[in-house]
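Notes follow once the structure below has been shown.
The values are calculated or read from the model by the stated rules, or taken from the named source; none is laboratory data. All values derive from a computational prediction rather than experimental measurement. All Cβ positions, glycine included, derive from the backbone under ideal geometry; neighbour counts span all protein chains shown. Quick note on the areas: whole protein, heavy atoms, side chains included, nothing else; ligands and nucleic acids left out. Shrake-Rupley method; radii C 1.70, N 1.55, O 1.52, S 1.80 Å.
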Amino acid sequence: MQRRASTIAGTPCVTYVEECPRHILLQPVDHRDLDDVDREARLLQDSCKTPVALVAFEVPEWNDDLSPWEAPPAFGKRGFGSGAQRTLDLVLNGILPELPSALKPQPGRDAILGGYSLAALFSLWCSYQTDAFAAVAAASPSVWFPGWIGYAQDRQPLSRAIYLSLGDREEKTRNAVVSTVGSCIRRQHELLRAQDVPCTLEWNAGGHFQDPGQRTARAFLWCVDALEAKRTHRYH
């Protein structure tokens, strides 16, 4: 993959591009995550049999730009804003329209949205807002977010495939809010299965901060494989 730093729709981005990608992987990141994204891109290049482009776009205010609604602090003193709609609008109306000229993808390419932690929750939330993303790669999503499960159980996602994962020690925390993440991810998986959404729930060894790049790469790989399986079935 060729690595390029650029600005797309006024947003700092790092792209990792193979020739004529068939899938465009979109990932919101904090600028401190770029080393993990570099490792993620190498894993994708080594393991993905289908040409892809990974577009990591920076969000300046993590707790605000990725949160679907306001919520009190879960740790520390910093609460959560309600900027997810603004970020989704940027992706749909700014970043996505500029990508064909920047990446030269194949006709009929798919867009896959994914990320880690709060970026994974944002990706899940987007799947309920639009059908623009063929699949969602939610690695260790913050499904403990206040009000999330109630929101999800009343709605049908519009993406064609959804990947979920969690570390097997993430729910073993003294934080009363975050400790619900295990029961919440199980419930999220149950909801998707009941709605006949192609999905999986993968359990990883360790806590929340262990191997985020590797976990996110696996999330995107599962989504690519799921879409490729659908494509192969359609053409046969």
- Message: Can you pull out every residue in region 110-124 that is open to solvent by less than 10 Å² (accessible area, probe 1.4 Å) and either assigned to a helix (DSSP H, G or I) or more than 14 Å from W222 (Cα to Cα) (or both)?
- Response: L118, A119, A120, L121, F122, S123, L124
- With respect to the numbered conditions (1) open to solvent by 50 Å² or more (accessible area, probe 1.4 Å); (2) assigned to a loop (DSSP other than H, G, I, E, B), which one is the sole condition not fulfilled by R218? (2)
- The residue from L99, L88, L66 that alone is open to solvent by less than 60 Å² (accessible area, probe 1.4 Å), in contact (Cβ under 8 Å) with a residue 24 or more places away in the chain and more than 15 Å from the chain's Cα centre (by Cα) is L99
- Query: Across region 139-166, what is the total count of residues that are open to solvent by 40 Å² or more (accessible area, probe 1.4 Å) and in contact with a Cys (Cβ under 6 Å, 6 or more places away or on another chain)?
  - Reply: 0
- Query: So is G206 farther than 23 Å from Y151 by Cβ and either of a type outside the set (D, E, K, R) or in a helix (DSSP H, G or I) (or both) or not?
  - Reply: yes
- Note on the structure: Going through (1) in a helix (DSSP H, G or I); (2) under 21 Å from T216 (Cα atoms); (3) in contact with a Lys or Arg (Cβ under 9 Å, 6 or more places away or on another chain); (4) of a type outside the set (K, R) one by one, S179 fails only at (2)
